[in-house]
1. Is one or more of the residues making up the range 417-428 more than 25 Å from Ala324 (Cα to Cα), in a helix (DSSP H, G or I) and not acidic (Asp, Glu)?
2. Just for helices (runs of 4 or more DSSP H) wholly inside the range 202-282: which have at least 3 residues that are among the aromatic types (Phe, Trp, Tyr)?
3. (1) of a type outside the set (Ser, Thr, Tyr); (2) free of Cβ contacts under 8 Å to residues at least 24 places away in the same chain; (3) more than 15 Å from Arg139 (Cβ to Cβ); (4) in a helix (DSSP H, G or I): which one isn't true of Leu185, the others all being true?
4. When both residues are 6+ apart or on different chains and their Cβ atoms are under 6 Å apart, which pairs have a first residue that lies in the range 231-245 and is within 12 Å of Met80 (Cα to Cα), and a second that is of a type outside the set (D, E, K, R) and surrounded by fewer than 19 Cβ atoms within 10 Å (Cβ to Cβ)?
5. Open to solvent by 50 Å² or more (accessible area, probe 1.4 Å) and within 18 Å of the chain's Cα centre (by Cα): which single residue out of Thr55, Thr41, Thr45 fits that description?
6. Pull up the range 436-482, narrow it to residues that are of a type in the set (S, T, N, Q) and under 16 Å from Pro328 (Cβ atoms), then point me to the one that is surrounded by the fewest Cβ atoms within 10 Å (Cβ to Cβ).
7. Please indicate, with yes or no, whether at least one residue in the range 424-432 is touching a Leu at 6+ places or on another chain (Cβ under 9 Å) and either closer than 15 Å to Leu252 by Cα or open to solvent by 50 Å² or more (accessible area, probe 1.4 Å) (or both).
8. On the given criteria, is Ala248 closer than 19 Å to Ala82 by Cα, modelled with pLDDT under 90 and touching a Leu at 6+ places or on another chain (Cβ under 7 Å)?
Amino acid sequence: MKVDHEAREQASAAAADGQTHSIARNSLFALAAQLTSAAFTAVLTLFLVRALDPTGYGTFALALALGTLLVLPSDLGISMSASRFIAERRGDLEGVAGVLADALRLKLLAAGTLSIGLVAAAGPLASGYGNDDLAWPIRGIAIAVFGQSLMLLFGGAFVAQGRTAANVRIALMESAVETGASIGLVLLGAGAAGAAFGRAIGYAVGAVIGLALLLRFLGLSLSALRRTRAGLGRRIVRYAGPLFVIEAAFALFVQVDAIIIGVFLTTTSVGLFQAPMQLMTFLHYPGLALALGVAPRLVRHARQEPRVGAFLTALRALVLFQAALVPPLVVWADPIVELVLGSDYAESADVLRALTPYVFLLGLAPLLSLAANYMGVAGRRVPIALAALGVNVAIDVVLVPEIGIVAGAIGTGVAFGIYVPAHLWICRDVLGVSLRPLLLTLVRASVAAAAMAGVLLTFGTADLALAEWVVGSAAAGLAYLAVLLATREVGRTEARTAWSAVSGLLPGRASPS
């Protein structure tokens, strides 16, 4: 096997002395990658909506929706499963290379077969929808699905190795190329097909860059990787099984409210419900970023015990952060909807208020679920995911005909009220930690949130002027912080520690891993 010994030794040394990047820095890079992709997506979406007529954009959106549905079966849980085994071998570059090689062979088979099948089925699918112009966009999206599936594997490998900085580079290049290629092809007159193939070009470039960065990190050539084996194919597939079931259940969980509302009510009702749900997208980014930094450090590693302290610290930080999001969504739901969505979505304000339990739990979910995955207990998550899905469906079916779209928010909140605590219990059981300190933090955060809500109420609940938005937000934030200081949930020592952590993220400053 050809090996770049110098690169291998440098990477091994970095992993051995803990400088693969600190948990805080990994979380920051993970957040940066998410925001990078979101920013380019927003720009591209605005362009496509204006550059394509409604029919053309609808054709692209339909092809994209089909592709989104197929990303999950193209992965089959392999990426997350491989990440778990890679995390167990952090610092052992030969071991990591073996897992990556085995997972890549599985991924090429699964994603390649599905993408080729979608290309072949493009014509019949287009005919089935009564739109012959849909065929080429579907073919472009099929290629994009293949590239996206590979990027999931490569991105997960970097996360597992504590090198999420690489994912920022991958996200930046993929997003920039996709945006540029899509805009260029559409301007050249390629229409919806141009947008689809622009996406395919972006993900193809992203996959190539991801593989190149991984090979460089591992000190391997592509031919050497092809000859590498770890004999873990069956173990990867076995652990991928429950992960796929969980991911499928969660994907359905996200969409089931809109589906049921569409059955019992109208498409307008679906829009009124989905609009505030879309506002929630960015609110889980901090929790996901922190999870990507912390969860891989919970595996049973030969050189390091699971970072239980970091897990508890992250969980406490998320409780404090998510609790601060609840008061504005309850008190200022009407002006928020008016400002962001417009007056046509006034009914969505009640949905936004009803979603606040979901918003709070949404920030905790990524850390708890990824922690369970990396600790090797994904099988215990399956009945929880299916139970949450079943509860959500049952509540929707019973209440949507009676009380309308708010029922969807209620069902989602109740289901997440099962999903998140159950995952917390799994983590408590595996890690052997006490939850009493976390419960105390929750109580103090609730008191602080109540004080925050009281301040917001003094500024009104509708038709806020700019000064009221600014002054009210600042005053409410100070009230929240004041209660946390008064209850000693946050103290001077912790403030100094937080400042040291932030300083450690700056170039040239060391921070503990």
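The values are calculated or read from the model by the stated rules, or taken from the named source; none is laboratory data. Here the structure is a predicted model, which means the values were calculated and not measured. No Cβ is skipped: glycine too gets one built from the backbone with ideal geometry, and neighbour counts run over all protein chains shown. For accessibility, only protein heavy atoms count, side chains too; no ligands or nucleic acids. Shrake-Rupley method; radii C 1.70, N 1.55, O 1.52, S 1.80 Å.
1. Yes - at least one qualifying residue is present in the range 417-428.
2. 233-264
3. (3)
4. Pro242/Gly379; Pro242/Val382
5. Thr41
6. Top of the filtered list is Thr458.
7. Scanning the range 424-432 turns up at least one residue that is touching a Leu at 6+ places or on another chain (Cβ under 9 Å) and either closer than 15 Å to Leu252 by Cα or open to solvent by 50 Å² or more (accessible area, probe 1.4 Å) (or both).
8. Yes, satisfied.
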